[in-house]
Number of protein chains: 4
Amino acid sequence: MGLPAEFHDIAKRVNNWGRWGADDEIGTLNLITDEVVRAAATTVTSGRRIPLGLPLRQDGIQTGVIPGRINPVHAMVQINQEIFGPGTVACSDDLVTLGLQSATHWDALPHASHSGRIYNGRPADSITAHHGAEFSGIDKVPHLVSRGVLLDVARAKGLDRLPGNHAVTPEDLDEAAEFGRVTVGAGDIVLVRTGQLQLSLAGDHHAYGYPSPGLSIRTPEWFHARDVAAVANDTLTFEIFPPEIENLWLPVHALHLVEMGMLQGQNFNLEELSTACAQESRHAFLLSAMPEPFVGATGTPVAPVAVL
Amino acid sequence: MGLPAEFHDIAKRVNNWGRWGADDEIGTLNLITDEVVRAAATTVTSGRRIPLGLPLRQDGIQTGVIPGRINPVHAMVQINQEIFGPGTVACSDDLVTLGLQSATHWDALPHASHSGRIYNGRPADSITAHHGAEFSGIDKVPHLVSRGVLLDVARAKGLDRLPGNHAVTPEDLDEAAEFGRVTVGAGDIVLVRTGQLQLSLAGDHHAYGYPSPGLSIRTPEWFHARDVAAVANDTLTFEIFPPEIENLWLPVHALHLVEMGMLQGQNFNLEELSTACAQESRHAFLLSAMPEPFVGATGTPVAPVAVL
Amino acid sequence: MGLPAEFHDIAKRVNNWGRWGADDEIGTLNLITDEVVRAAATTVTSGRRIPLGLPLRQDGIQTGVIPGRINPVHAMVQINQEIFGPGTVACSDDLVTLGLQSATHWDALPHASHSGRIYNGRPADSITAHHGAEFSGIDKVPHLVSRGVLLDVARAKGLDRLPGNHAVTPEDLDEAAEFGRVTVGAGDIVLVRTGQLQLSLAGDHHAYGYPSPGLSIRTPEWFHARDVAAVANDTLTFEIFPPEIENLWLPVHALHLVEMGMLQGQNFNLEELSTACAQESRHAFLLSAMPEPFVGATGTPVAPVAVL
Amino acid sequence: MGLPAEFHDIAKRVNNWGRWGADDEIGTLNLITDEVVRAAATTVTSGRRIPLGLPLRQDGIQTGVIPGRINPVHAMVQINQEIFGPGTVACSDDLVTLGLQSATHWDALPHASHSGRIYNGRPADSITAHHGAEFSGIDKVPHLVSRGVLLDVARAKGLDRLPGNHAVTPEDLDEAAEFGRVTVGAGDIVLVRTGQLQLSLAGDHHAYGYPSPGLSIRTPEWFHARDVAAVANDTLTFEIFPPEIENLWLPVHALHLVEMGMLQGQNFNLEELSTACAQESRHAFLLSAMPEPFVGATGTPVAPVAVL
């Protein structure tokens, strides 16, 4: 079996293996230079901060369709405990179990593999239950701060949200960039808004997941051409789901994570940011989206913040 | 019993209950205004980014002394799983259980209570196993970005690290500010470096925890006078431990979290930042230290990043 | 508010506080004597063993209606790991997170409280997040083996399962005992079959939970009169749900656990046992239903086995 | 590399692959027939019950040496929660995370593999993070009740406990059987007492684990010759550790679990049972040691009970 020729054709064109050396574990994050960050800081004009993370709660977006990917379960191990004796200062402490990919999260590069390989040509079986990902685990990403660019595809089309069968194309990205009067460049973190998250915010987690608009298999080349550092959007599956090409599942995951070595973000809440960017007539900002450094993990919850 | 008069005297002087209204749940974070953040962005001159979070791993800093506060335990629920059939793109997924206060973390305001009260005079028993913290849970903090200031107490004294019985005093903070040629102001997030984390980085988690230098009971007034928004340091207990005054345990927790409504950060790794600030001869920077929005939680892991 | 007079009337008649001393933590389990167990062993005639526990899986009977009570989530921490080097014997290891009351389980006595009290008059606030239940936690039950008696209420009535609004009455229990030609006696563990679990086995976990047949508020006196040691059945809520008396929720929990000090079992799979007992024309057997000794826990998963 | 010839020689002699059919998933548990259980029930003479499980607690026997195998962590998700409104009956609920092999447990057959195979010749890679063990997972064991036999090796030698370098040999087992005046037969569950657990009960979990007495590589043939159904003992590693033959790690695991298809139990507390058997001058009894049916798990906590 294996993947079809049309996948491999694109893969060849966007592949970054070896580009930053055989030992590289962070891929396109290498494109975020000090210079990029200095420039990003100059985009801060209003000082307004917009959080992009979903609340972490048991009644979250996971519906049980993906086995093992559970919503965060919160429990207490201390409540107002006077550890040092009666009448002393009391403390409360929390315990949480969560699927690292359950809410707003980054996929680490080894989250996807194909043909037995992960990013930079390493063997997929270097991921073990014992150690997690030996290579390119999320703990290998030291920091994730850069210029963020909102490509508000839904708003650019005058829509609240894209329909469930809409594959976001390179043309859509161009249209949104033009709408936002912004030019995507090297080291940028691109946020693509479909509006799909509104379904989840309205309480319908099933409708949110399926069917879902998302990135087309044609977009990785667009990001590759611009040397984008990372891409995130406001959907569960990131790419259009069900897929554009029959029986070719998750091709964008494979192109971004495996071939390009580019982090993907999912379930980013871009609603307030969309409004703010429209109000301020600007679509670039400083974005901090630091991974939690879980050692060996193939993903991480993230609480991104846009600073306008 | 209860707490001694000297505690209540200070408490009265630093109390912020009602200052931002009876409904306020975020305390001194109100001091981080858009203007403060705009100014913070201008401190970015090199574009260098320094992460301050410890790796999240089972072999972490918790030694079992604090019941229920376990190091993160990582497990896999999918490894290269070809969900959609043989030969398709494969995925890996992670599951983690962790104490929210186990590694680099923020204490949320209700993490401490005394005399049956949490910040803003709310009843301590509003914290339940069912819902966690009803008021001032970490999810109530929308964002946490501001100017960061490193007060490098150890380096200012020409020491690698402070001895275990050193209570960091207001005079020490003044000395460090002068050393760093920085003036702490309203809305700042202050990072106080003792060097104590070196013990943990060298592998001795027990020595790291006890005895430990840390903030003196006299410092909350110093932070209060300057309208500091949040304080973090590189120790397990934050304040000097064992305490300065016999049988008065965790007074700084009570003053900061309960009386002032000021977030505390612990186990911040300030080693690389210390070197970088010394190299660049500057001790102020943009700091992003976003909480993960665990609903009802009294704390959160955080992956802070200083942008220089 | 508080509970109505009709509750307190029954409570007075079934109360066992002090019956086994002020320090007692196991209530009616005191009724299982060596003699009872010797007699129970003589009921073994065929040697057939019937398990009564549900599979522990993420796709289990919990639907999310009860916050925090999650189905077991299974993950791997080692898979065929050659710990001692290549070519050595390899090991696999599992990690699980589960609500202790999520599947087939015993409620420990402190699982329920009313009017600020748990069994034997102890204060309900002796249950803490720090230690769990200080008194009568499930770890205080050393063993749970006795004669088991199946009261097959559904089969006695010629029904596959009782309708959702059927409160199992003392008369129903008498009818089932007569049908099974068995006399319930001191130290017995009584299993009451409604057939309701069939809904869950057929995949409809929501229908299983609500509405549900279950024990009537009139049955605790029946068990009390016979000195029954423990009672379990094949429903989620144990007692009829919604309740017989408006706004009187979970009265049977309060009577059994708090007043009588009698363990309750839920979600026992009695289907195969029902068939076997009918085949062998006998309704008493040796039952082992050992709690897992989670320290301080207010419940425990259990894998009961009937030995016929 | 691979395993040495002496291992393969024994393996050939004890191998049970195909003995109960190509589809068999429970191995020697097939030897526990109804007849065996009927006979086991007749051994109950005093009615005394002795629990063999260790308390499940965070401060348990795991020391962190085995990554991912964590002691049970207990937390509360409800404490006296009046779910149905003020003044109603209140409930408490628990959440636990635990390594399934962390305390008193059964190793399921696929817990060990060698040369890419598990019991009955199935491929070791049928164990996945997604599903756990596809074959012979602990949920495939429907029940585990039989005659239990205590072989009290330490007491037979007049010792409190065997020294750490003592490999329990077939001769030791014969000696203990003679001491206990018992003949091990088909379908028996054999409990081998070394006394090593005393170290753990005295608080020294490290000394308990290493060095440890345990079963010699010569014992599997002894069990095989007698058609024993399962074996458990009172050590962490089950077999002598470090091993008898240099660089041959865990050979008994491989022989029992992979070759014979025989469950192994570890960390059984046999102290009280040892005393009771000596007092009653008998070493056979009814044993119930039901696995918790975690689906796909390679092990399970167990709360065994001996009925004397």
Practice task
State yes or no: is residue B:69 basic (Lys, Arg) and open to solvent by 40 Å² or more (accessible area, probe 1.4 Å)?
Solution key: no
Handout entry: Subset of the range B:22-79 (residues that are of a type in the set (A, V, I, L, M) and assigned to a strand (DSSP E or B))
Key = B:50, B:56, B:73, B:75, B:76, B:77, B:79
Problem - Residue match in the range C:57-65 (condition: at the interface with chain D (Cβ under 8 Å from one of its Cβ atoms) and of a type outside the set (Gly, Ala, Ser)) - result: yes
Practice task
For residues that are at the interface with chain A (Cβ under 10 Å from one of its Cβ atoms) and either part of a strand (DSSP E or B) or out of contact with any Ser or Thr (no Cβ under 8 Å at 6 or more places or on another chain) (or both), scanning just the range B:255-274, find the one that is farthest from residue B:6 (Cα to Cα).
Solution key: B:272
Fill in the blank from the handout: Picking from A:23, A:34, the residue that is open to solvent by 30 Å² or more (accessible area, probe 1.4 Å) and at the interface with chain B (Cβ under 8 Å from one of its Cβ atoms) would be A:34
Practice task
Evaluate the range B:149-156: report whether one residue or more is open to solvent by 10 Å² or more (accessible area, probe 1.4 Å) and without any contact (Cβ under 8 Å) to a residue 12 or more places away in the chain.
Solution key: no
Handout entry: Subset of the range A:104-153 that is among the acidic types (Asp, Glu) and within 14 Å of chain C (Cβ to nearest Cβ) - its residue that is farthest from residue A:231 (Cα to Cα)
Key = A:125
Exercise for the section: Among the residues of the range A:225-240, write down those that are open to solvent by 10 Å² or more (accessible area, probe 1.4 Å) and either among the acidic types (Asp, Glu) or under 16 Å from the mean Cα position of the chain (by Cα) (or both). Expected result: A:227, A:236, A:237, A:240
Practice task
Look at the range D:46-56 and say how many of its residues are facing chain C (nearest Cβ under 7 Å) and either more than 19 Å from residue C:75 (Cβ to Cβ) or out of contact with any helix residue (DSSP H, G or I) (no Cβ under 9 Å at 6 or more places or on another chain) (or both).
Solution key: 7
Practice task
Looking only at the range C:177-186, decide whether some residue is among the hydroxyl-bearing types (Ser, Thr, Tyr), open to solvent by less than 20 Å² (accessible area, probe 1.4 Å) and either more than 30 Å from residue A:83 (Cβ to Cβ) or within 21 Å of the chain's Cα centre (by Cα) (or both).
Solution key: no
Exercise for the section: Search the range D:94-126 for residues being farther than 30 Å from residue A:72 by Cα and in a strand (DSSP E or B), and hand back the single one that is most open to solvent (accessible area, probe 1.4 Å). Expected result: D:117
Practice task
Determine which single condition residue D:258 fails, assuming it passes every other condition in (1) buried (at least 24 other Cβ atoms within 10 Å of the Cβ); (2) over 21 Å from residue D:15 (Cα atoms).
Solution key: (2)
Practice task
Can you run down the residue pairs with Cβ atoms below 8 Å, 6 or more apart or on separate chains, where the first is in the range B:275-296 and at the interface with another protein chain (Cβ under 9 Å from one of its Cβ atoms) and part of a loop (DSSP other than H, G, I, E, B) and the partner is surrounded by fewer than 24 Cβ atoms within 10 Å (Cβ to Cβ) and acidic (Asp, Glu)?
Solution key: B:291/B:139; B:293/B:139; B:295/B:139; B:296/B:134; B:296/B:139
Exercise for the section: Might you let me know whether the range C:211-224 holds any residue that is touching a strand residue (DSSP E or B) at 6+ places or on another chain (Cβ under 7 Å), open to solvent by 10 Å² or more (accessible area, probe 1.4 Å) and either under 27 Å from residue C:40 (Cα atoms) or free of Cβ contacts under 8 Å to residues at least 60 places away in the same chain (or both)? Expected result: yes
Practice task
Hey, can you tell me all the residues within the range A:127-140 that are open to solvent by less than 10 Å² (accessible area, probe 1.4 Å), assigned to a loop (DSSP other than H, G, I, E, B) and within 19 Å of residue D:67 (Cα to Cα)?
Solution key: A:129, A:137
Practice task
Go through (1) at the interface with chain B (Cβ under 9 Å from one of its Cβ atoms); (2) open to solvent by less than 20 Å² (accessible area, probe 1.4 Å); (3) hydrophobic (A, V, I, L, M, F, W, C); (4) touching a residue at least 24 places away in the same chain (Cβ under 8 Å) one by one and return the number of the condition residue A:77 breaks.
Solution key: (4)
Exercise for the section: Considering only the range A:1-33, state which residues are within 24 Å of the chain's Cα centre (by Cα) and at positive phi. Expected result: A:18, A:27
Exercise for the section: Could you tell me which of the residues D:42, D:28 is open to solvent by 40 Å² or more (accessible area, probe 1.4 Å) and β-branched (Val, Ile, Thr)? Expected result: D:42
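The values are calculated or read from the model by the stated rules, or taken from the named source; none is laboratory data. Every value quoted in this text rests on a predicted model; they were computed, and no experiment measured them. All Cβ positions, even for glycine, are placed from backbone atoms using ideal geometry, and neighbour counts span all protein chains on display. With ligands, DNA and RNA removed, areas are computed over all heavy atoms of the protein, side chains included. Shrake-Rupley method; radii C 1.70, N 1.55, O 1.52, S 1.80 Å.
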